[in-house]
1. Can you find a residue that is without any contact (Cβ under 8 Å) to a residue 40 or more places away in the chain, in contact with a helix residue (DSSP H, G or I) (Cβ under 6 Å, 6 or more places away or on another chain) and surrounded by 15 or more Cβ atoms within 10 Å (Cβ to Cβ) anywhere in the range 94-113?
2. Within the range 187-211, how many residues turn out to be among the polar types (S, T, N, Q), closer than 16 Å to residue 76 by Cα and more than 12 Å from the ligand (Cβ to nearest atom)?
3. What is the one condition in (1) in a helix (DSSP H, G or I); (2) surrounded by fewer than 22 Cβ atoms within 10 Å (Cβ to Cβ); (3) not hydrophobic (A, V, I, L, M, F, W, C) that residue 156 does not satisfy?
4. For the range 29-54: of the residues being within 11 Å of the ligand (Cβ to nearest atom) and either in contact with a His (Cβ under 6 Å, 6 or more places away or on another chain) or basic (Lys, Arg) (or both), which is least open to solvent (accessible area, probe 1.4 Å)?
5. Output the residues belonging to the range 246-271 that are farther than 16 Å from residue 158 by Cβ and open to solvent by 30 Å² or more (accessible area, probe 1.4 Å).
6. So for the range 172-183 (the condition being of a type outside the set (Gly, Ala, Ser) and within 18 Å of residue 60 (Cβ to Cβ)), does at least one residue qualify?
7. Taking the conditions exactly as written (within 27 Å of residue 272 (Cα to Cα), of a type in the set (Ser, Thr, Tyr) and more than 12 Å from the ligand (Cβ to nearest atom)), does residue 226 satisfy them or not?
Amino acid sequence: MVERPLWVRSPARMRARVRQWRARGQRVGFVPTMGYLHAGHLALLLRARKDAPRVVASVFVNPLQFGPGEDFATYPRDRARDRRLLGEAGVDLVFAPEARHFLPEDQAARVSVPELDGILEGRARPGHFTGVATIVTKLLHAVEPDVLWLGQKDAQQVAVLRRMIEDLGFPVEVRVGPTVRDPDGLALSSRNARLSPAERAQARLLHLALRAGRARLRAGAPGPASVERAMQRVLAEATLGRVDYARLVDARTFDTPRRLEGPLVLAVAVRFPS
Ligand code: AMP
């Protein structure tokens, strides 16, 4: 019996399968992940399934997007559970390339969007978005989907990949799914599993800060600074962590908006030691 979904390691096999579907006129949605799946990933997969008859997910912990002191080695992994959840989610194919083949040590080429690289998450994690853009380029070449599904939780990643796709003319449409949260408001994330109970309790302040910022904005804030101060006041209570940033930015450029209109993003990050 063939196990569903089928896990494919080779980009060539992946492309061949997807091309068969497309030759039959079936649209293909693609959800890239780093595995250790949670309800946020599953919600994206569900959206992808409703949107197109074929869905491909990828599971690849991308070494390029981790900095030297970051948690690549300890990033949570559970292949058996991912396998089960992807089966239940009705995914057609899973692309799970092997790092040593997909990303040979001598790979010199990189893809980057420098304009978005030096701010917020890019500044806090140098090289992170170049690592993301490079690997998503390779994934898109292997899968050749019609639609790329991304989560709003990683809003700057969405901005980087949209610009990459727009500026370099990738023939793929980007769709964004809303953030799925725990009941207390913390966005689901594979890394949440590593927070200590005390850190997890404080992590709910991130959502409270976003709400405070949104309330300030809706109440007619005079400028970004007053919105940012409202968020910082809440985050000051996260005594176990270090605030990386609490900003109000333009959704496309991630710059400070000149006027408080158009698509805006409230972005907060707190680094906990665990
Ligand atoms: P990751 O495995 O963390 O790289 O995430 C894979 C995709 O799932 C990315 O597009 C994320 O933005 C998205 N994602 C992660 N967490 C959530 C969440 N809580 N809600 C919605 N999408 C999410």
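1. Looking for residues that are without any contact (Cβ under 8 Å) to a residue 40 or more places away in the chain, in contact with a helix residue (DSSP H, G or I) (Cβ under 6 Å, 6 or more places away or on another chain) and surrounded by 15 or more Cβ atoms within 10 Å (Cβ to Cβ), one finds at least one in the range 94-113, hence yes.
2. Of the residues in the range 187-211, 1 are among the polar types (S, T, N, Q), closer than 16 Å to residue 76 by Cα and more than 12 Å from the ligand (Cβ to nearest atom).
3. Evaluating residue 156 over (1) in a helix (DSSP H, G or I); (2) surrounded by fewer than 22 Cβ atoms within 10 Å (Cβ to Cβ); (3) not hydrophobic (A, V, I, L, M, F, W, C) leaves (2) as the failure.
4. 33
5. 256, 258, 259, 260, 261, 271
6. Checking the range 172-183: at least one residue is of a type outside the set (Gly, Ala, Ser) and within 18 Å of residue 60 (Cβ to Cβ).
7. In short, yes.
The values are calculated or read from the model by the stated rules, or taken from the named source; none is laboratory data. The model shown is predicted, which means the values in this text are computed figures rather than measured ones. Cβ coordinates were reconstructed from backbone atoms using ideal geometry, including for glycine residues, and neighbour counts include every protein chain displayed. Ligands, DNA and RNA are stripped out before the accessible areas are found, and what is left, the full protein with its side chains, is counted by its heavy atoms. Shrake-Rupley method; radii C 1.70, N 1.55, O 1.52, S 1.80 Å.
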